[in-house]
Amino acid sequence: MTYLFDDPKTFPADAVEGLVAAHPEELLQVHGGVVRKRATPAGQPALVVGGGSGHYPAFAGWVGGGFAHGAPCGNIFSSPSSDQVYAVAKNAENGGGVILGFGHYAGDVLHFGVAASTLRAEGIDVRIVAVSDDIASGRAGEHRDRRGIAGDLPVFKIAGAAIQAGADLDEAERLAWKANDATRSLGVAFDGCTLPGAEDALFHVPEGKMAIGLGIHGEPGIDEQPMPSAKELAKVLVDGVLEETPELASDRVAVVLNGLGTVKHEEMFVVWKHAAQLLEEAGLTIVRPEVGEHVTSLDMAGLSLTVMRLDEELEALWLAPADAPAFRRGGTVEGDLGEERGELYTPGEDPIPEATEESRASAERIAGVLGAVEELLVELEPELGRMDQIAGDGDHGQGMVLGSRAAHAAARRTVEGGCGARTVLVQAGAAWSAEAGGTSGALWGAALTSLGSAFADDAAVTGEQLLSGLVQAVEAVERLGGATPGDKTMVDAAVPFREALAEADPGADGGSDAPAGSAASAVATAAARAVEAAEATADIAARMGRARNHGDKSVGTPDPGAISFSKIVTLLGEQLAG
């Protein structure tokens, strides 16, 4: 249970503000996260690592000398938005390029990728390292397709130490990937974690059982076994991690026994006593182990074991000094640690283009629809979260509320500024993506932006524009997310919706200059297909996103992304008809 908070929706931002207040000599809060108090030395690569909140000490606790230069901090268990990643990277980069590091999750891949594209367009050299250490989330031959858990710590520690030792961007990237490919982890849970303000945990493990292969976002395990003793658990973890032998088959290893939030140090030490003995019996020499909380999952009761094979190069970097709020090692961090900061990058509001009276009227109506969407999602939040708990991380309802609320607020603000139909949706899309984070945040942000691109600021929205814009919006989701029907995602409902719209004739009655009439009827008909398709996802095993590792568990429950899409487009049809 998360006991202490003010507003659950502001918990991540409040926690970051408190962290910086606790370490004022080391950290500086910027838009989207934190950076070092001192500027990155000129020409030095900047290591920017991040992910969702709820994992402290990861990721903001690792910002400091010999480690990371900045950390974007997303909502609970949701990736930072591309806007957050971009802002932190802009404040961390100082002529040496940027390495963006994160755990390999769909939302992080999307948002960090978009931010990287923006930075590259400005002439900044950006490299991406997605940690993929979790052996429970994929086959041995597909190591880099797995998700990242506590392996984030040694991989990013290696990269940060390399940069501090003088590595350029190419060398730091090489070493980060070398460390990732030498790292394997396995986790277990005894009970799930509880989001701030929630009445119950995201999942429960049956009494007397232990879940194996959990994720750090509240994803349940892939198997259950009887609750072990500490000695038995050590064997499960060691045997699991050593089942694979990375290409770097050294007998010297860096090891992390990681607590996920509730299991405390004395318990971990008992497990470590046995784990250390088993590793040594396997012929391995343990180099400077870490036993404690490093990558948590709020209050999850569980542990993970990470083993990274070391050669001379990696060992020297693993042992190098580091001085961050949550990770301090060795003596003084040698080398240039930067000068006092100058001006910070802070994003400003985009100017509102001029609009005609007709387009402003359309924008007003669009803002009204977005307000209705927000009300709908607030009502649906508990049910969407319940669906997402079955095989995902339980945050879909929360993310949709955060995104729709931000989109509606941006729409009202821009409408009051006299915007037209195109601008209101572009601004709303950016706000949805920035505030919601995660995969759904990126997809809905792209959908609204693409829809807006079909409209204009100098004319009213026509029925033809509305239907073609909705088709474009779904195509943007398909293109960005990469899912296809049958993967058990939002696309399973969105594609039938798009196909039905493509068959419609917006000018059949009422004329193409009115978004009501036949356009409203077409949307309602297409929405009915989306509802049917969304409900049918209950029969599908997930193949995409975080739920893909627990696909069979998702059978019997519809996909929350498909359901929320179908509910929103149904509401759109009703609003148009009204």
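The values are calculated or read from the model by the stated rules, or taken from the named source; none is laboratory data. Predicted model only: the values in this text are computed from it and were never measured. For neighbour counting, all protein chains shown are included, and Cβ atoms are generated from backbone atoms with ideal geometry for every residue, glycine included.
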* Residue selected from the range 455-507 under the condition within 30 Å of A361 (Cβ to Cβ) and either touching a strand residue (DSSP E or B) at 6+ places or on another chain (Cβ under 6 Å) or hydroxyl-bearing (S, T, Y) (or both), by the criterion surrounded by the fewest Cβ atoms within 10 Å (Cβ to Cβ) -> S468
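Would it be correct to say that A534 is under 24 Å from the mean Cα position of the chain (by Cα) and modelled with pLDDT under 85?
no
Say we look at the range 106-133 and pick out the residues that are over 17 Å from A176 (Cβ atoms) and either of a type in the set (S, T, N, Q) or under 17 Å from the mean Cα position of the chain (by Cα) (or both); which of these is surrounded by the fewest Cβ atoms within 10 Å (Cβ to Cβ)?
For the range 106-133, the residue satisfying everything is S117.
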* Asked: Of all residues in the range 63-85, which are out of contact with any His (no Cβ under 9 Å at 6 or more places or on another chain), farther than 21 Å from M300 by Cα and not in a loop (DSSP other than H, G, I, E, B)?
  -> G65, A68, G70, A71
* To do: Among what's in the range 223-253 and is surrounded by 16 or more Cβ atoms within 10 Å (Cβ to Cβ) and touching a Ser or Thr at 6+ places or on another chain (Cβ under 8 Å), pick the residue that is nearest to A189 (Cα to Cα).
  => L237
* Would you mind telling me which numbered condition in (1) out of contact with any helix residue (DSSP H, G or I) (no Cβ under 9 Å at 6 or more places or on another chain); (2) of a type in the set (K, R); (3) in contact (Cβ under 8 Å) with a residue 24 or more places away in the chain R252 fails? => (1)
* Kindly check whether there is at least one residue in the range 72-93 that is within 18 Å of Q164 (Cα to Cα), of a type in the set (G, A, S) and outside the structural domain of L443 (by TED's automatic domain parsing). => yes
* Going by the conditions given, is V295 β-branched (V, I, T) and more than 24 Å from G141 (Cα to Cα)? -> yes
* Asked: Exactly one of (1) surrounded by fewer than 24 Cβ atoms within 10 Å (Cβ to Cβ); (2) assigned to a helix (DSSP H, G or I) is unmet by L153. Its number?
  -> (1)
* To do: Please work out which residue is farthest from A577 (Cα to Cα), limiting yourself to the range 350-365 and to residues that are touching a residue at least 60 places away in the same chain (Cβ under 8 Å) and in a loop (DSSP other than H, G, I, E, B).
  => D350
* Inspect the range 169-187 for any residue being outside any strand (DSSP E or B) and at pLDDT below 95 and give the result as yes or no. => no
* Structure fact -> Going through (1) among the polar types (S, T, N, Q); (2) under 23 Å from the mean Cα position of the chain (by Cα); (3) assigned to a loop (DSSP other than H, G, I, E, B) one by one, Q44 fails only at (2)
* Asked: Just one of the numbered conditions (1) out of contact with any Pro (no Cβ under 9 Å at 6 or more places or on another chain); (2) within 18 Å of L380 (Cβ to Cβ) is not true of A430; which one?
  -> (2)
* Structure fact -> Restricting attention to the range 51-79, the residues that are closer than 17 Å to A436 by Cα, touching an Asp or Glu at 6+ places or on another chain (Cβ under 8 Å) and of a type outside the set (V, I, T) number exactly 5
* Hey, among V49, V88, V30, which residue is at pLDDT 95 or above, touching a Leu at 6+ places or on another chain (Cβ under 7 Å), surrounded by 20 or more Cβ atoms within 10 Å (Cβ to Cβ) and among the β-branched types (V, I, T)? -> V30
* L380 vs. criteria crowded, with 18+ Cβ neighbours inside 10 Å, over 24 Å from W444 (Cβ atoms), touching a Gly at 6+ places or on another chain (Cβ under 7 Å) and aliphatic (A, V, I, L, M) -> no
* Among the residues listed as I99, I76, the single one being touching a helix residue (DSSP H, G or I) at 6+ places or on another chain (Cβ under 7 Å) and farther than 23 Å from T183 by Cα -> I76
